[in-house]
Every structure is written in structure tokens, then in C-alpha cells.
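Q: Before we start, here is the structure in question, set down as C-alpha cells.
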């Protein structure tokens with residue numbers, strides 16, 4: 001879907017070879033050790049961006065001066081951490097991602113424009129996490145926005161999500177969230193944010 005919108009898509013393995021989930025584990029229990037290693041996560045997402053940039057340049061694919069990152073769930077946290085590292089990307093978009101971090105960005109560290117698209121009823125990242133994220137973005141002096149859909153839970157972009165009260169697909173939230181994300185990235189590329 002993102003490639004159809006004109007993006008070059010690079011999917012990073014944030015777990016390392018042989019360390020990924022098999023699908024039977026509790027997702028939050030599985031992710032806990034990765035999320036607890038904030039410096040390690042940030043090194044991995046920065047390395048992923050470096051790999052994307054190097055390979056895109058080597059293969060003459062896309063425009064390496066126009067880079068944005070979009071992540072979903074744990075990937076949403078990863079792209080936020082990419083912004084927190086001060087990475088040279090124009091924009092990051094977190095879709096129903098974990099928002100809070102034990103190591104928030106300090107003033108001036110975030111260079112990218114930051115968009116979080118979220119569900120107000122998301123039990124994975126509840127309101128206190130949204131409040132902490134907002135406070136962090138303000139303190140960091142970031143260019144940021146958050147779109148929060150009322151009564152929407154986690155994984156709203158996943159057509160297969162159907163765990164009432166936890167993770168449920170929501171077509172309008174998905175459609176509006178992607179429309180905003182595409183416009184946000186285009187504005188960041190044009191220097192309008």
C-alpha cells in the first residue's frame with residue numbers, strides 16, 4: 001500500500017536473526033526486554049536507517065535526501081526513537097505505537113517532524129502515556145502533531161485485528177490516519193512543517 005503511494009519501503013528486522021516472535025507469545029511480554037534496552041533499540045533503528053540510505057544510494061533507488069519513517073505498534077516506538085536520536089529524516093509517523101520512553105528527548109534533540117496517530121481507547125498506550133509523550137514533545141521543542149481517534153483501540157490499521165477492547169480494525173481511522181500521514185510527510189518534504 002505504501003509503495004503504491006510512491007514510497008520506497010524498507011522493513012527493518014528490529015529483533016535480529018532468529019530472535020523474532022513465532023506468534024504464540026504474549027506480545028508485550030515478548031517485547032519487554034527489547035523495550036527495556038532503549039540504547040540498543042536506538043542503535044538498531046539508526047543502523048536500519050543507515051542501511052536503507054546506503055543501499056538506496058548504491059542502487060540508485062529513490063531520493064536519499066527525502067527520508068521519512070513510519071512504524072506500527074512496536075515499529076511506531078522505533079520510529080519515535082529514531083526521531084529521539086536526532087536522525088536526519090524529515091518526518092516520522094507512529095501508527096498505534098507505544099509512545100512513552102524512560103529516556104525522553106531533551107530540548108533540541110528531535111530534528112524530524114513527528115506525527116502520532118492513536119486510538120483513545122488503546123490499552124497498549126493509554127492516556128497517561130499520551131500525556132507523557134505530549135510533555136516530551138513540548139519539552140524537546142519538537143514539531144509534532146497527534147491525532148487521537150475516540151473509542152478506537154490498538155492495531156486499528158490491521159484488517160485482521162479482532163480482539164474487542166484490545167485490538168480491532170477500524171476502517172475510518174485507518175483511512176483518515178493514512179491521509180494525514182501522507183499529507184504530513186509531503187509537508188515535511190516540502191519544508192512546510
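Q: Could you list, in sequence order, all residues of segment 139-162 that are touching a helix residue (DSSP H, G or I) at 6+ places or on another chain (Cβ under 9 Å) and more than 20 Å from residue 181 (Cα to Cα)?
A: 140
Q: Quick one: residue 10 ticks every box in (1) part of a loop (DSSP other than H, G, I, E, B); (2) surrounded by fewer than 15 Cβ atoms within 10 Å (Cβ to Cβ) except a single one, so which number is it?
A: It fails just one condition, (2).
Q: Can you tell which of 79, 89 is in contact (Cβ under 8 Å) with a residue 24 or more places away in the chain and under 12 Å from the mean Cα position of the chain (by Cα)?
A: On inspection, the qualifying residue turns out to be 79.
Q: For segment 31-66, what are the residues that are in a loop (DSSP other than H, G, I, E, B), under 20 Å from residue 6 (Cα atoms) and without any contact (Cβ under 8 Å) to a residue 40 or more places away in the chain?
A: Answer for segment 31-66, where residues must be in a loop (DSSP other than H, G, I, E, B), under 20 Å from residue 6 (Cα atoms) and without any contact (Cβ under 8 Å) to a residue 40 or more places away in the chain: 60, 63, 64, 65.
Q: Just a yes or no: is a residue in segment 158-165 closer than 18 Å to residue 97 by Cβ and under 16 Å from the mean Cα position of the chain (by Cα)?
A: Taking every residue of segment 158-165 in turn, at least one turns out to be closer than 18 Å to residue 97 by Cβ and under 16 Å from the mean Cα position of the chain (by Cα).
Q: Could you give me the residue pairs with C-beta distances under 8 Å whose first residue belongs to segment 98-117 and is within 16 Å of residue 39 (Cβ to Cβ), whose second residue is assigned to a loop (DSSP other than H, G, I, E, B) and modelled with pLDDT of 95 or more wherever it lies, and which are 6+ apart or on separate chains?
A: Note: pairs meeting the criteria are 105/142; 109/85; 109/86.
Q: Among the numbered criteria (1) closer than 20 Å to residue 30 by Cβ; (2) buried (at least 21 other Cβ atoms within 10 Å of the Cβ); (3) in contact with a helix residue (DSSP H, G or I) (Cβ under 9 Å, 6 or more places away or on another chain), which single criterion is violated by residue 136?
A: Unmet condition: (1).
Q: Please go through segment 145-177 and give me each residue that is without any contact (Cβ under 8 Å) to a residue 24 or more places away in the chain, closer than 20 Å to residue 5 by Cβ and buried (at least 18 other Cβ atoms within 10 Å of the Cβ), ordered by number.
A: The one that is without any contact (Cβ under 8 Å) to a residue 24 or more places away in the chain, closer than 20 Å to residue 5 by Cβ and buried (at least 18 other Cβ atoms within 10 Å of the Cβ): 174.
The values are calculated or read from the model by the stated rules, or taken from the named source; none is laboratory data. Quantities reported herein were computed from a predicted structural model and do not represent experimental measurements. Note: ideal-geometry Cβ built from the backbone for every residue, glycine included; neighbour counts use all protein chains shown.
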